[in-house]
Amino acid sequence: NLQSRAEVDFKEAHDNEVLSLDFSPPIDGHVYLASGGRDRLIHIFDTNAEFKLVETHDDHSSSITAVKF
């Protein structure tokens with residue numbers, strides 16, 4: 001929560017540092033969060049469903065330094 005600075009949720013999704021985050025614009029009433037990291041993975045989470053993991057992309061050859069919707 002950005003106003004109270006309280007942790008709302010915690011996900012163990014990456015095996016190493018997270019290097020990039022991006023929120024999507026609303027898509028069919030849902031807002032998604034993409035995270036990319038040093039472990040070469042991109043995870044997509046649905047913010048409307050308690051940050052449920054929607055998809056993982058694992059076909060990268062090096063660290064993910066930027067994600068963008």
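Assorted remarks:
- Residue in the stretch 39-50 that is part of a loop (DSSP other than H, G, I, E, B), among the acidic types (Asp, Glu) and modelled with pLDDT under 95 present: yes
- Of the residues examined, residue 8 is not one that is part of a loop (DSSP other than H, G, I, E, B), aliphatic (A, V, I, L, M), on the phi < 0 side of the Ramachandran plot and touching a strand residue (DSSP E or B) at 6+ places or on another chain (Cβ under 8 Å).
- Conditions (1) modelled with pLDDT of 95 or more; (2) out of contact with any His (no Cβ under 7 Å at 6 or more places or on another chain); (3) open to solvent by less than 90 Å² (accessible area, probe 1.4 Å); number of the one not met by residue 35: (2)
- Enumeration of residues in the stretch 12-30 that are in contact with a strand residue (DSSP E or B) (Cβ under 7 Å, 6 or more places away or on another chain), open to solvent by 40 Å² or more (accessible area, probe 1.4 Å) and assigned to a loop (DSSP other than H, G, I, E, B): 16, 17
The values are calculated or read from the model by the stated rules, or taken from the named source; none is laboratory data. This structure is a prediction, so every number in the text was calculated from the model and none was measured. Glycine gets a Cβ as well: all are built from the backbone with ideal geometry, and neighbour counts include every protein chain shown. To get the accessible areas, we keep the full protein, side chains included, count just its heavy atoms, and leave off ligands, DNA and RNA. Shrake-Rupley method; radii C 1.70, N 1.55, O 1.52, S 1.80 Å.
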